[in-house]
Amino acid sequence: MSTVKLHDKYFQPYLSKEKIEAATQNLVNQIAADCKDEIPIFIGILNGSFMFVADFVRLYPRACEVSFVKLTSYEGTSSKGIVNQLVGINEDLTGRTVVILEDIIDTGNTLQKIYEIFKDKKVGKLKIATLFFKPDVFKKELHIDYIGLSIPDEFIVGYGLDYNNLGRNINSIYKITTPTMTNIVLFGPPGAGKGTQADVLKDAYNLIHISTGDVFRYNIQNATKLGLLAKSYMDDGNLVPDEVTINMLKAEVEKNTEANGFIFDGFPRTSSQAEALDGFLSEKGETINGMVALEVSEDLLVERLLERGKTSGRSDDQDEEKIRNRFNEYNTKTSILKDYYAKQNKYFGVNGVGSIEEITTRLKVVIDTL
Ligand code: AMP
């Protein structure tokens, strides 16, 4: 089971279906024992309780009635404090045993409203049952008769509970998780200075630097299967196929489970790679904080690369035709990623012309805001 994204937030598995079933069965047993001489009417509080009520009454061993009222108190991830009644109760409850079935009780605002609604209905007995209870945030002096599971104050979704209307259909409980990493895509055409800057930034921010080009070159030097596969593409200045590159990148990330975050240098280079990276990080409850791009004109870069080729030992730096092909790959497949991240308000362009220190300073100004 992995993390799910609902709207802008990430949630990770928290309480299994089995745990929920056991808690529900436990509630059924207690309530059935207490109501053995009567036909109770169970009243579910919508919307959140619909799954719980359905499972509860299926387990209930004797005759019972079921009804619902609809109240609202949530917006986003916190209780608003004001509870509205949207659908009321029509049944005559005079003298009846009413058992309220709540999915969750936290602040107690909804529970207070329930007590108010039922106080003039002349019910015989009013009992409150809740599947989940958050003792740390419960602020009221109100009685709760049956509690399925007490949980810490964490925002949960699933099994009927929602985050802004999403997540109700998940059949177990997930809790909110906040990204803990800083993940930066260092972007720019070949020769823009990504590697040089990544070396400085990784120490400044305590991040792991992953250069896909370096990983490929390392594999070529060591004549690994991956190296042999990548070599023919790299020699001509072509991109290595997505599947190979994506798998390699994932493996590099997985090697560093304790990382504070990553500087991705030379990845993603295609739309598929960008989508794969987003999906992969979101499974971990993480995300890309920003794409920081070094902007340098192409003519200046060809000169720079030819100059670098004299010392770098890279065959793809020594031949103008191969360099032009790398730019062609960049312009046709990679530069569009600017829009991909801009759409998410995550694109930050930085002037890539100047001394190494000047450029580092410009990059840090951006990174410090991420
Ligand atoms: P670089 O060191 O980033 O200039 O990369 C050198 C070469 O490695 C590129 O020209 C590609 O052949 C290959 N390469 C590096 N990163 C990727 C990537 N994300 N996707 C496909 N090929 C890549």
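The values are calculated or read from the model by the stated rules, or taken from the named source; none is laboratory data. Computed from a predicted model, the values in this text were never measured in an experiment. Glycine gets a Cβ as well: all are built from the backbone with ideal geometry, and neighbour counts include every protein chain shown.
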(message) Can you list residue pairs whose Cβ atoms sit under 6 Å apart, with the first residue in the stretch 315-343 being over 14 Å from D299 (Cα atoms) and the second being of a type outside the set (K, R) and more than 13 Å from the ligand (Cβ to nearest atom)? Count only pairs 6 or more apart in sequence or on different chains.
(response) K338/Y347; Y341/M291; Y341/Y347
(request) Could you tell me whether the stretch 278-298 includes any residue that is in a loop (DSSP other than H, G, I, E, B), within 18 Å of I323 (Cα to Cα) and either more than 10 Å from the ligand (Cβ to nearest atom) or touching a Pro at 6+ places or on another chain (Cβ under 8 Å) (or both)? (result) yes
(message) Only one of I151, I144, I170 is under 30 Å from I246 (Cα atoms) and assigned by TED's automatic domain parsing to the domain that holds A32. Can you tell me which?
(response) I170
(request) Give me a count of the residues in the stretch 1-45 that are in contact (Cβ under 8 Å) with a residue 60 or more places away in the chain, over 30 Å from Q344 (Cβ atoms) and under 28 Å from the mean Cα position of the chain (by Cα). (result) 6
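Could you name every one of the helices (runs of 4 or more DSSP H) located completely within the stretch 316-370 that has at least 2 residues being within 13 Å of the ligand (Cβ to nearest atom) and at pLDDT below 95? Even if it seems obvious, please write down each step before you answer.
Details: elements: 320-329, 337-342, 356-367.
Fully inside the stretch 316-370 and qualifying: 320-329.
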(request) Within the stretch 211-266, track down each residue that is more than 10 Å from the ligand (Cβ to nearest atom), among the β-branched types (V, I, T) and within 31 Å of the chain's Cα centre (by Cα). (result) V253, T257, I263
(request) State which residue pairs qualify: first residue assigned by TED's automatic domain parsing to the domain that holds T332 and within 19 Å of E252 (Cα to Cα) and inside the stretch 181-208, second residue within 15 Å of the ligand (Cβ to nearest atom) and assigned to a helix (DSSP H, G or I) in any location, beta carbons under 6 Å apart, and separation of 6 or more residues or different chains. (result) L186/K194; L186/A198
(request) Go through the residues of the stretch 44-52 one by one and say whether even a single one is at pLDDT 95 or above, more than 15 Å from Y159 (Cα to Cα) and buried (at least 18 other Cβ atoms within 10 Å of the Cβ). (result) no
(message) Quick test of your reading of the structure: H143 fulfils all but one of (1) in contact with a Gly (Cβ under 6 Å, 6 or more places away or on another chain); (2) surrounded by fewer than 16 Cβ atoms within 10 Å (Cβ to Cβ). Name the failing condition by number.
(response) (1)
